[in-house]
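The values are calculated or read from the model by the stated rules, or taken from the named source; none is laboratory data. These figures come from a predicted structure and were not determined experimentally. Quick reminder, even Gly has a Cβ in these numbers, built from the backbone with ideal geometry, and neighbours come from all protein chains shown.
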């Protein structure tokens, strides 16, 4: 396992000529990496290991120290002229440098969300014709390979496992082999020329769902994509219950570790079968998951993540072999777990940053992963901050009277028209419950209709009939204790035997959940001094975020009220980011820099968060977010005007 | 696993001031290592990893490039003045440097054969009082340890295994721990201050016998020493039959791997019990064994070692974790297999070089490991050459009519007096056979007595009675086909029912065995241009070499005829060398340099070896080696003068 070394937080500026690009990066970042940061593809074929010699730049100002690698590559004269390997040259002061050559026609692809990614995987296949040994040349098998790779620009290391197979392969192949190098590790030596077959795996390991992608590293094309439920669901629906499970059960940790390995290995076997790829042809794996998921995958105790002050065992880029981790591919394959920004802003968000380019671009953007734990990142290339807000399980449909997970029979979208209600149900069957996105829609539509006040209270039944058609008004019901609910489906409309209702208490749950996230967003916006109108884009990420209706999110005040076309559901951003990190070691180096670049703010115990939370518990007045009150549908519906009943937040807090 | 990188064979000279010491080393060796080579202990506490900053020297001439490590440690002004870390500064041209400080009172011990060894193990225990995490300081457990070790001069890496245990240890210990660093690997984190308990294991893995030593790395003292038979004896007595076993049996390799692991783990368990040391308190292991034994230990196929052109899978210093290898100690403990000089000059000889200092001292010395395979190293600090000579199994008592292994009942020493014969028998029981050292003695004594001619032929019975007393002369017997033998023990003197005899054919076997080794010695002496009188010392090593009577070795011409007090049996030189490498990382670095410093000459197919072999098949004339012919015992015995019957080597070759 290797992890990145920490560097200082001082920033330095690096100017690249003749491209006239300037970037500010933390002191200690290499010039090569700083160029990757702004998408300037300096050539390199050794994975920035200082061995191929292609990434040379001439330093015109700053940073004039030569490294051992420089001395191997350059003459004394060239060193005196300022030539350096950019991948070894760490900028500790402002630097101006001349880049003589960028990658010629780099293979690139549009990936993630409008990201132009240079395809440059970290797996290299090098066909070798070795000189057979003689009595005059008795170098060992390993030295023979190592010596043959050196002029190709690779300085390798190898595991005992690799060496164990070496004598057989070299002799069976009659010294015609393909060496497979990942980073500086020789992970495989194969008979003959196998350079046309190079595969990797990218995993988004969600608490609920795991997505696996088998990628052809030559072409960049996904060969097979599969998703499955995280088998750990049995041991708890969310991160906290998984952590509790490891604390309450003696073998809980190894049990959860085995379960996630079973989940991944089963996905791997399906992916390989579909793609007709052999296990030994998979040389690298990148995972993106929250800290708890990655700890459980690695078999590391996550207990301290669950307790204040919320400490992971390891936060940097973790690298281990497939065998150490327990994945059923080439044992020496390298597994990279993307780094975390904090105990509750995991590698899934780091992957999301890669997929959106948020921390690398101009213009302030907001990335929100809506779930039990709301993860929030706000910023641009200038500065990026992150936080995590505990939202509770409402978005997962839990703690909601008729709530359910987003599976067959769940109401996933709701439209309230002037006269009735349209439900969109997963699987096109009669509804049996309400999942998170349906909950959000229902509340948003009720707000639009005027049937719900900004405080979250339903209007009284008699008031309702003044606002909407009788059939709709009748759906507001009151129980014997005076508690109001809204009937989404009468018994005869539902797939069960009883009505599906949205209770006043359900609405309160949602208010707490959205209040927490909106409060977190408020804190980071204040931190950066950003107003709503400064936001170029809002990305809704995560397995839940992707299904949210952006307009609904806006109506309930989950996100700032920017024009709705700036709010984008980015689907499986974590998976996209993991794929990008797998296909481009340049982007992976960017990911590796993110924890030192993104400022993490812990909300626990912060007074301003509590203030923000209380301030945003109520739903926004419709006119304050540019909507017609009672604007039920695009055609508009007249209403009695905005509801102006104020929300007593204390009263709400007491209610729940 | 890491292995050393190859460097050039050009030599450069390094002068150390103010000590006025100069050494010539291969280009590319670090200045620090060159100092170790000549025993100049430049200070260092980080194991020459460029992190502690204590090994600084000022370069006065040559080598002026600064490395990244230099830039971390020195100011620009100091760099300009020539200050460098000697452990990072590779000498690629002649260098003159000033060493401001040697180790203050280095703990040292006399080890091996008059070697003054600086005790400086590669295992560091660092007690740490960590700052507990807070919401303001949410660094991960691993970062916390790493950051605490950095100011102590350690830049660490860690395995997934280590990280798995980290959260528990830190919290149970309430942040009072001891970090254990081996090289740059954090191998353990222990509760409380455990710095008084640091242990390592040194193994001499012989084909026949395995010796294990448990060493207290704080004091340098052996805590327990045990030896046992190599359990692989069942699968073949020598290297070649072990290799054959792996070729002829489908699971042969894994079977032999399991057997040697069982042997080592059983030794380990005895050593730990005797020393009252827990498995997790053993942090490092050094092994010395021939290439085949080390391949079998590592589970690497040795087949190519057995077939021309005799190629090991790996020859450099191999390093792997105890878990990868399969040793039952701390899983992250580091196992170092010492390097080989060639397929048949193994790490046991490299260890022998450490124990004798042969390649580091002035004065030409010869180290010979006498066995089935004779390993021969000749040289001094100026130049050292090595070769291997296939001697066949005679020295092991095999292919000898009444031969046996050196176990109870074996005649291990023979003295022929004027009137009779004295036998020294292992276990003080009646003799049942003849082991290698007894065979050598018997032939040497027969030569001295005049009963055997330089050609190796026994004199005729009637001639014998003219030379020695009748009781002795009667021991030369002739069978019905006219073949002569010498009776070492009559049936009534033996522990069996029949006589123990030395046949003419037995003598031929010994002649071939000694001829091969003497021929190999001749080749390397010619290579270095050395005459017999130039030899300062001859070391007889290996489990067999230690039991040889130096005088007998000289009489039969196994070794050059230097005065007998210069011939020394050095016992378990391999074990001593492994212990030295365990206790002193400086000496281990010397060991690591040996393969590039010692020139290996393959004898197979060399014409001059065949010539030498034939020239030395006969035994030396006694007067040519400074002995009175028929000088049976120190009192001397008159004889009929030297036997001058010439040897027809072709005739000998035809006989066998």
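Out of curiosity, is residue B:189 within 12 Å of another protein chain (Cβ to nearest Cβ), outside any helix (DSSP H, G or I), surrounded by 19 or more Cβ atoms within 10 Å (Cβ to Cβ) and touching a helix residue (DSSP H, G or I) at 6+ places or on another chain (Cβ under 9 Å)? First the steps, then the outcome.
On the way: within 12 Å of another protein chain (Cβ to nearest Cβ): yes; outside any helix (DSSP H, G or I): yes; surrounded by 19 or more Cβ atoms within 10 Å (Cβ to Cβ): yes; touching a helix residue (DSSP H, G or I) at 6+ places or on another chain (Cβ under 9 Å): yes.
The answer is yes for residue B:189.
Return only the number of the condition from (1) part of a helix (DSSP H, G or I); (2) away from chain A (no Cβ under 14 Å) that residue B:620 does not satisfy.
(1)
Within 22 Å of residue B:580 (Cβ to Cβ), assigned to a strand (DSSP E or B) and touching a strand residue (DSSP E or B) at 6+ places or on another chain (Cβ under 6 Å): does that describe residue B:359? Please lay out each step first, then the result.
Numbers: within 22 Å of residue B:580 (Cβ to Cβ): yes; assigned to a strand (DSSP E or B): no; touching a strand residue (DSSP E or B) at 6+ places or on another chain (Cβ under 6 Å): yes.
Criteria not met by residue B:359.
So residue A:92 clears everything in (1) within 13 Å of chain B (Cβ to nearest Cβ); (2) buried (at least 19 other Cβ atoms within 10 Å of the Cβ); (3) within 30 Å of residue A:351 (Cβ to Cβ) except one condition, right? Which one?
For residue A:92, the failing item is (2).
Test residue A:124 against the criterion of being part of a loop (DSSP other than H, G, I, E, B) and over 19 Å from residue B:304 (Cα atoms), and give yes or no.
Details: part of a loop (DSSP other than H, G, I, E, B): no; over 19 Å from residue B:304 (Cα atoms): yes.
No; evaluated as a whole, the condition is false for this residue.
Which numbered condition in (1) in contact (Cβ under 8 Å) with a residue 60 or more places away in the chain; (2) in contact with a strand residue (DSSP E or B) (Cβ under 6 Å, 6 or more places away or on another chain); (3) not in a loop (DSSP other than H, G, I, E, B) is the only one that residue A:220 fails?
(3)
Suppose we filter segment A:142-162 for residues that are at the interface with another protein chain (Cβ under 8 Å from one of its Cβ atoms) and outside any helix (DSSP H, G or I); how many remain?
Of the residues in segment A:142-162, 4 are at the interface with another protein chain (Cβ under 8 Å from one of its Cβ atoms) and outside any helix (DSSP H, G or I).
Considering each residue of segment A:163-180, count those that are within 11 Å of chain B (Cβ to nearest Cβ) and under 33 Å from the mean Cα position of the chain (by Cα), and give that number. Give the derivation first.
The initial filter retains those residues of segment A:163-180 that are within 11 Å of chain B (Cβ to nearest Cβ), namely A:163-171.
Within this subset, residues satisfying the condition of being under 33 Å from the mean Cα position of the chain (by Cα) are none.
Total meeting the criteria: 0.
Go through (1) within 14 Å of another protein chain (Cβ to nearest Cβ); (2) not in a helix (DSSP H, G or I) for residue A:595 and report which single condition fails.
Of the numbered conditions (1) within 14 Å of another protein chain (Cβ to nearest Cβ); (2) not in a helix (DSSP H, G or I), the odd one out for residue A:595 is (2).
Would you mind finding the one in B:137, B:70 that is within 13 Å of chain A (Cβ to nearest Cβ), within 30 Å of residue B:336 (Cα to Cα) and free of Cβ contacts under 8 Å to residues at least 24 places away in the same chain? Spell out the reasoning first.
On the way: B:137 fails: within 30 Å of residue B:336 (Cα to Cα).
The unique qualifying residue is B:70.
Looking only at helices (runs of 4 or more DSSP H) that lie completely in segment B:227-318, which have at least 3 residues being within 25 Å of residue B:590 (Cα to Cα) and within 14 Å of chain A (Cβ to nearest Cβ)? Walk me through it before giving the result.
Numbers: elements: B:239-248, B:252-275, B:291-298, B:303-306.
In segment B:227-318, the matching helices (runs of 4 or more DSSP H) lie at B:291-298.
Among the numbered conditions (1) in a helix (DSSP H, G or I); (2) surrounded by fewer than 23 Cβ atoms within 10 Å (Cβ to Cβ); (3) under 17 Å from the mean Cα position of the chain (by Cα), tell me where residue B:571 comes up short.
(1)
Report the residue count in segment A:99-120 for those that are assigned to a loop (DSSP other than H, G, I, E, B) and surrounded by 17 or more Cβ atoms within 10 Å (Cβ to Cβ). Let's see the steps before the verdict.
Residues of segment A:99-120 that are assigned to a loop (DSSP other than H, G, I, E, B), as a first pass: A:99-101, A:103-107, A:112-114, A:119.
Remaining after also requiring surrounded by 17 or more Cβ atoms within 10 Å (Cβ to Cβ): A:99, A:103, A:112-113, A:119.
Selection size over segment A:99-120: 5.
Against the definition (surrounded by fewer than 24 Cβ atoms within 10 Å (Cβ to Cβ) and in contact (Cβ under 8 Å) with a residue 24 or more places away in the chain), how does residue A:200 come out, yes or no? Explain how you work it out, then say what you get.
Working: surrounded by fewer than 24 Cβ atoms within 10 Å (Cβ to Cβ): no; in contact (Cβ under 8 Å) with a residue 24 or more places away in the chain: yes.
For residue A:200, the condition - surrounded by fewer than 24 Cβ atoms within 10 Å (Cβ to Cβ) and in contact (Cβ under 8 Å) with a residue 24 or more places away in the chain - is not met.
Output the qualifying pairs, or none if there are none: Cβ atoms under 6 angstrom, residues six or more apart or on different chains, first residue in segment A:321-336 and within 10 Å of chain B (Cβ to nearest Cβ), second residue not in a helix (DSSP H, G or I).
A:321/A:332; A:323/A:331; A:325/A:335; A:335/A:285; A:335/A:320
When you go through (1) loosely packed, with under 15 Cβ neighbours inside 10 Å; (2) under 30 Å from residue A:379 (Cβ atoms); (3) at pLDDT below 85 one by one for residue A:649, which number turns out not to apply?
Result: residue A:649 fails condition (1) only.
Give me the pairs: first residue in segment B:493-510 and free of Cβ contacts under 8 Å to residues at least 12 places away in the same chain, second residue not in a loop (DSSP other than H, G, I, E, B), beta-carbon distance under 9 Å, and six or more apart or on different chains, which are they?
The qualifying pairs are B:497/B:491; B:498/B:491.
In segment B:412-434, which residue that is without any contact (Cβ under 8 Å) to a residue 40 or more places away in the chain and not in a strand (DSSP E or B) is farthest from the chain's Cα centre (by Cα)?
In this case the residue turns out to be B:428.
For every residue, the table says whether it meets (1) buried (at least 21 other Cβ atoms within 10 Å of the Cβ); (2) outside any strand (DSSP E or B); (3) at positive phi.
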residue: B:482; (1), (2), (3): no, yes, yes
residue: B:485; (1), (2), (3): yes, no, no
residue: B:488; (1), (2), (3): yes, no, no
residue: B:492; (1), (2), (3): no, yes, no
residue: B:497; (1), (2), (3): no, yes, no
residue: B:507; (1), (2), (3): yes, yes, no
residue: B:515; (1), (2), (3): yes, yes, no
residue: B:520; (1), (2), (3): yes, yes, no
